[in-house]
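Here the structure comes first, spelled out in structure tokens, and everything after it is commentary.
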Amino acid sequence: MDQANKFGFTINRSRLIDYDRSDRKVRDYVTLMEPSFRLCFACGGCAATCTAGYHKSFNLRRMNTLIRRGEIEPLREEVTRCMLCGKCLLVCPRGVNTRNVVAAAAAAIRKLDRNEL
Amino acid sequence: MKEALKHIVVAGGGVAGMEAAGALAEMGFRVTLVEKNNDPGGHLGRWHALFPDRRPADEVRHYLRKRIEHRNINVITGTTVEKIRHHGHEVAVDLSGGTEERADAVIMATGFDLFDARRKEEYGYGIYDNVITSAELEDLFNNGRIVKADGKEPARVGFIHCVGSRDEKVNNNHCSKVCCVTAVKQAIEVRKMIPSCEVFCFYMDMRMYGPYYEELYRESQEVHNVNFIRGKVSEASVNINNRLVIKVEDTLAGRPLKMELDLMVLMVGMEMSAPGAKCAAASGLPAGINRFLETADHHFGNNLSSMKGVFYAGTCTAPMNITDTISHARAAVEETVRYLNRR
Amino acid sequence: MNSELFIIPFNLGLYFILIYSVVRSTVWFRDLSRSDKLRLQRGFFGRPFMQSIREIFMESLLHRKIFRKNPVLGYMHMSLAFGWFLLIVFGTIEADFFGERHLNPPSHAIFFRWFNPGHGDTGFASVYNFWMDLLLAFILSGLLLAMIKRFIPGMMGMKKTTRHTWVDRLALISLWLIFPARLFAESFTCGANGSGSFLTGNLGATLASFLPAAQIAPWFWWLYSLALGTFFFLLPVSRYFHIPVELFLIFMRNSGITTGDRSSSYTEVQTHACSSCGVCISVCQMSYAAGIHNIQSAYFIKGLRNDRDISAITANCLMCGRCEEVCPVGIELGPMRLIERRQGERQDSIPGFLERYSLTRKRSTIERLPTQSYSYLEREDPARADVLFFAGCMTHLTPSVIAAMKKIMESAGVRYRFMDEKGGVCCGRPLMLAGRDREARELINHNSDIIWKSGAKILVTSCPICYKVFRESYYLEAQVMHHSEFMKNLIEEGSLRLGYLHRKVVYHDPCELGRGSGIYEDPRSVISYVAELQQATQEKNMSLCCGGSLGNLTLASGKRALIAADAAKILTQSSPDELITACPLCKKTFVQATDTKVSDIAELVAAALPEPARKARSRIRRMTARTLADG
């Protein structure tokens, strides 16, 4: 709150996806590891069918969007919830290799934390 | 001596074929219209009302029927075109049943097939009672009553967009164009027939590309209270009360959503017609990746095939609505006449 | 004096390899777990010993398995291995019998002709000579085939042959030189002395007619010795190390040692026992159907041997198990790959030469941190039931299978509870296939808890993936049954009245059910009960993978489609009315790849039920009681 007041504008900053400042290393890594990541058109079929998402917040469609925007923080915990069951793989109308997107995202976040990206 | 009339075979008696045949006959050509069913009319024959203005399909059917009531037109029904080949200056057309027609030109108007919803097994078509296709809903409209399998009126109806379209899993990456607006039209009709019934459309993108389509979409919300949820339904099951349960993500809310439905309508898309594809393959006419016929040029040769004297009309080249089909058929007639005059 | 200097390279090589083998075996033995040590000791001094000797004779010398797979390739291996073996045995006898002394050093037998140039003109000696020439010719014929295989693999029915490192190439050259060198060495010596049988004698006489045979002969004896010595020295660092290691592997395997779930000296031995023969490459659908040529088991093992970062290779495998079925050495390729998948991220570490071939070196293992956590799952309190039906995640996308199972169980009067009707929790097998066993354990515990609480006697599942993990990794009181086994029981005890469908069908063995769990006959007998079962060209243990496998995390959908299309084409060669499978994933995959109708075995049986379904409620009680008694 102090920080926010000092600079005035920072209050709204967290609400904003500042695309020019966002870090897209994770997106680049995931795209490299799983090129079909780019094919998602956000239909939500994966999230609809998801076994894990039935129990707790885990949403591959949202994860895909957030990674593209460089918004990694909300994913840290979510990415660990996937059961790799593969239902999403059978549902995806774009043929995204969904399970590998999750694996690549998890690996990217680990690498990011170790400054390896 | 009077020159014999030039002869054109039109393969397919749907909207495109009937319009093309009518136009050619009017211009003084002799036309043989080959139709696989017992009556010309194509898919339109089944439809109750048309988008965007919900005009009765009968009006268009009547127009087309009049169009082919011409002494120059010979209609052969219950027959398909098996193969088209060159024979000297003429084109020889092999028909099912072993007969052959000689013509100066051929117009392929073999149209489309509706996607077989059984191929999308997770939606339960053919497994659960109350899963129907958009075409079957038109049957219900024609019967004047919308009922479930048990004969009762549904309290909640869901329309599932893009069934068999934009879906790699059924080898169809293309958009069928007309299903979005059809769903909106049908949703309105359901709401009008059963005012107490809740109606939901589950869509990936609303593709309201034609004149007054967007307005129809707006009207469905403003006047008819149709609900729209953005998300692809992943699967359907039935619960203990024999009510359908669908799973979808409400992508705008960002959460998975479960909903019970009394009636689920699958907006089945368009695919290249099987007899058309068979004929094209036998005749050496190339198909595109989407399996529709590949035209010579997407911009200036959209009615031209790779074979001299063979022209394309309507949805054998791509999904299109009735307006565009009629325009496309007229353009095919123009190309055909130009070809015949030049020869 | 017989001590010619040229025998030195051979002697050095021979004693080096003998000492190396003893030390290496000792180190491997030392590194075994205590129980495996005990197994090996028991195996060595017990019945398995004779079994191992027999296997060594049949496989390492005669190469029976390769023979069955490909007679030409089998002949090639047999002529080289068995021929060389016979040459050594009869050479030793020859030296002992015809030589000046008995009990000669090995070099004396190997270079016998040099030491006895005029030997073998008459009587028994000439017959023996003929035999020795015949053996040499036998080996040379195999060598010729080996050369053809290397340069024109297609001629041997091989789709691809393995690529070599420079050490392998050097070893290969020295191996290839051994027998031609011997041929010419013996021929020149025979030519100079007017001796020798049909091969060495005739060739020698011809050569001697225009060449100074006596002067040339020593050069070839040197070449022969150098080739042998070089080969022995390179043996431990080349692919040919597999020859001695395979003997050790045979003893270990026959003693009952298995791969287990972590690296050990058994995995080391298996790694070195691979001959890179490439049979695994030929059967790999990823190779011939999807055009991916660098991930096959031979390359995987090679990467292990050379301590490369093979994580991409390790991950990119369908885990269908076809390669393991055909591996002539019997390496447990599936478990080996899973062990590697359990490893953490690894850097490509290229070790120095000495480090690489140090006796004590093992592939470094890296602890993988858990990536998933399912602590969010809440415990459930299920209702009690005798029979529990677990459809599985995938089956929820094939509702016709669920509908068929419901119909069948109702018709048979089975009182069951549908465990995951509202969507359950994954069985854990996909996680295990990805090498995440620890995380899988969380899901296994969750599901086990539900199954135990339900008090079920029988757990039926429609998914072979679930079936395998239920059977192998769950601790349950309930008997686990795949729905094909369950239906077979219902039919046999008379609970299901079925009509006969006049349909010709082909059955596809799902990987996890067939090779994975050994269930081949139950589905077939169920199908034969209701329809005409046609044979597929590739079935049972050599059944194809549909391409949809969850065992591969990285394979792109386009490549999967290629595999599916190829498999579907082969399966529907006989134009059946229906393609039957017993796995929802196979069904979903094949539907996309063929115009033939694809059904699950449950759908086929449900279609054979008379309408309306008659109930036979009492019968299931009998069955449950019997299962209880069996348990």
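The values are calculated or read from the model by the stated rules, or taken from the named source; none is laboratory data. Remember, it's a predicted structure, so these values are computed and weren't measured experimentally. Ideal geometry is used to build each Cβ from the backbone, glycine not excepted, and the neighbour counts take in all protein chains shown.
Numbers for the structure displayed
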| item | result |
| --- | --- |
| Exclusive hit being within 14 Å of chain C (Cβ to nearest Cβ) and crowded, with 19+ Cβ neighbours inside 10 Å, set B:Glu122, B:Glu138 | B:Glu122 |
| Check on C:Arg368, of a type in the set (Lys, Arg), in a loop (DSSP other than H, G, I, E, B), modelled with pLDDT of 90 or more and more than 29 Å from C:Tyr240 (Cβ to Cβ) | no |
| Test for A:Cys82: is it touching a helix residue (DSSP H, G or I) at 6+ places or on another chain (Cβ under 6 Å), in contact (Cβ under 8 Å) with a residue 40 or more places away in the chain and buried (at least 22 other Cβ atoms within 10 Å of the Cβ) | no |
| Test: B:His161 is part of a loop (DSSP other than H, G, I, E, B), touching a residue at least 12 places away in the same chain (Cβ under 8 Å) and either under 26 Å from C:Ala561 (Cα atoms) or within 14 Å of chain A (Cβ to nearest Cβ) (or both) | no |
| Residue that is surrounded by the fewest Cβ atoms within 10 Å (Cβ to Cβ) [pool: residues in the range B:125-135 that are touching a helix residue (DSSP H, G or I) at 6+ places or on another chain (Cβ under 7 Å) and not hydroxyl-bearing (Ser, Thr, Tyr)] | B:Gly126 |
| Condition broken by C:Phe241, with the remaining ones in (1) free of Cβ contacts under 8 Å to residues at least 40 places away in the same chain; (2) closer than 25 Å to C:His77 by Cα; (3) in the same structural domain as C:Ala137 (by TED's automatic domain parsing) satisfied | (3) |
| Flag for C:Lys422 being out of contact with any Cys (no Cβ under 8 Å at 6 or more places or on another chain) and without any contact (Cβ under 8 Å) to a residue 12 or more places away in the chain | yes |
| Which listed residue, of C:Ile250, C:Ile257, is surrounded by 20 or more Cβ atoms within 10 Å (Cβ to Cβ), assigned to a loop (DSSP other than H, G, I, E, B) and on the phi < 0 side of the Ramachandran plot | C:Ile257 |
| Residue check, C:Gly74 out of contact with any His (no Cβ under 9 Å at 6 or more places or on another chain) and part of a helix (DSSP H, G or I) | no |
| Selection count where residues are assigned to a helix (DSSP H, G or I) and either within 10 Å of chain C (Cβ to nearest Cβ) or touching an Asp or Glu at 6+ places or on another chain (Cβ under 8 Å) (or both), scope the range A:50-73 | 2 |
| Answer from B:Gly78, B:Gly17 - the residue that is at pLDDT 95 or above and crowded, with 21+ Cβ neighbours inside 10 Å | B:Gly17 |
| Hey, A:Phe37 facing chain B (nearest Cβ under 9 Å) and either surrounded by fewer than 24 Cβ atoms within 10 Å (Cβ to Cβ) or at pLDDT below 95 (or both) or not | no |
| Every residue from the range A:74-117 that is outside any helix (DSSP H, G or I) and more than 7 Å from chain C (Cβ to nearest Cβ) | A:Pro74, A:Cys92, A:Pro93, A:Arg94, A:Val96, A:Arg114, A:Asn115, A:Glu116, A:Leu117 |
| Which listed residue, of C:Val23, C:Val27, is part of a helix (DSSP H, G or I), closer than 19 Å to C:Thr259 by Cα and touching a residue at least 24 places away in the same chain (Cβ under 8 Å) | C:Val27 |
| The range C:480-536, subset closer than 26 Å to C:Leu338 by Cβ and of a type in the set (S, T, N, Q), residue surrounded by the most Cβ atoms within 10 Å (Cβ to Cβ) | C:Ser484 |
| Qualifying residue in the range C:443-453 (condition: in contact with a strand residue (DSSP E or B) (Cβ under 8 Å, 6 or more places away or on another chain) and outside any helix (DSSP H, G or I)) | no |
| Qualifying residue in the range B:202-212 (condition: over 29 Å from A:Gly86 (Cβ atoms), touching a strand residue (DSSP E or B) at 6+ places or on another chain (Cβ under 8 Å) and not assigned by TED's automatic domain parsing to the domain that holds B:Ala49) | yes |
| Members of the range C:177-208 found to be in contact with a helix residue (DSSP H, G or I) (Cβ under 6 Å, 6 or more places away or on another chain) and not hydrophobic (A, V, I, L, M, F, W, C), listed by number | C:Arg182, C:Glu186, C:Ser187, C:Thr189, C:Gly191, C:Gly196, C:Ser197, C:Thr200, C:Gly201, C:Gly204 |
| Strands (runs of 3 or more DSSP E) wholly inside the range B:198-260 containing at least 1 residues that are surrounded by 19 or more Cβ atoms within 10 Å (Cβ to Cβ) and in contact with a His (Cβ under 8 Å, 6 or more places away or on another chain) | B:198-203, B:235-238 |
| Options B:Pro319, B:Pro256; residue that is in contact with a Ser or Thr (Cβ under 6 Å, 6 or more places away or on another chain) and not small (Gly, Ala, Ser) | B:Pro319 |
| Any chance C:Glu100 is among the acidic types (Asp, Glu) and either surrounded by 15 or more Cβ atoms within 10 Å (Cβ to Cβ) or in contact (Cβ under 8 Å) with a residue 24 or more places away in the chain (or both) | no |
| Given (1) within 11 Å of chain A (Cβ to nearest Cβ); (2) in a loop (DSSP other than H, G, I, E, B); (3) at pLDDT below 95, index of the condition C:Ile350 fails | (1) |
| C:Gly494 vs. criteria touching a residue at least 12 places away in the same chain (Cβ under 8 Å) and out of contact with any strand residue (DSSP E or B) (no Cβ under 7 Å at 6 or more places or on another chain) | yes |
| Set C:Thr572, C:Thr554: member being out of contact with any Cys (no Cβ under 8 Å at 6 or more places or on another chain), within 14 Å of chain A (Cβ to nearest Cβ) and surrounded by fewer than 24 Cβ atoms within 10 Å (Cβ to Cβ) | C:Thr554 |
| Failed item in (1) touching a residue at least 60 places away in the same chain (Cβ under 8 Å); (2) surrounded by fewer than 20 Cβ atoms within 10 Å (Cβ to Cβ); (3) not in a helix (DSSP H, G or I), with B:His299 passing the rest | (1) |
| Segments classed as helices (runs of 4 or more DSSP H), wholly inside the range C:262-304, with at least 3 members that are modelled with pLDDT under 95 | C:265-273, C:279-283 |
| Identity of the residue in the range C:373-396, within 14 Å of chain A (Cβ to nearest Cβ) and buried (at least 22 other Cβ atoms within 10 Å of the Cβ), that ends up nearest to C:His446 (Cα to Cα) | C:Tyr374 |
| Positions within the range C:397-442 being away from chain A (no Cβ under 11 Å) and of a type in the set (Gly, Ala, Ser), in sequence order | C:Ser400, C:Ala403, C:Ala404, C:Ser411, C:Ala412, C:Gly413 |
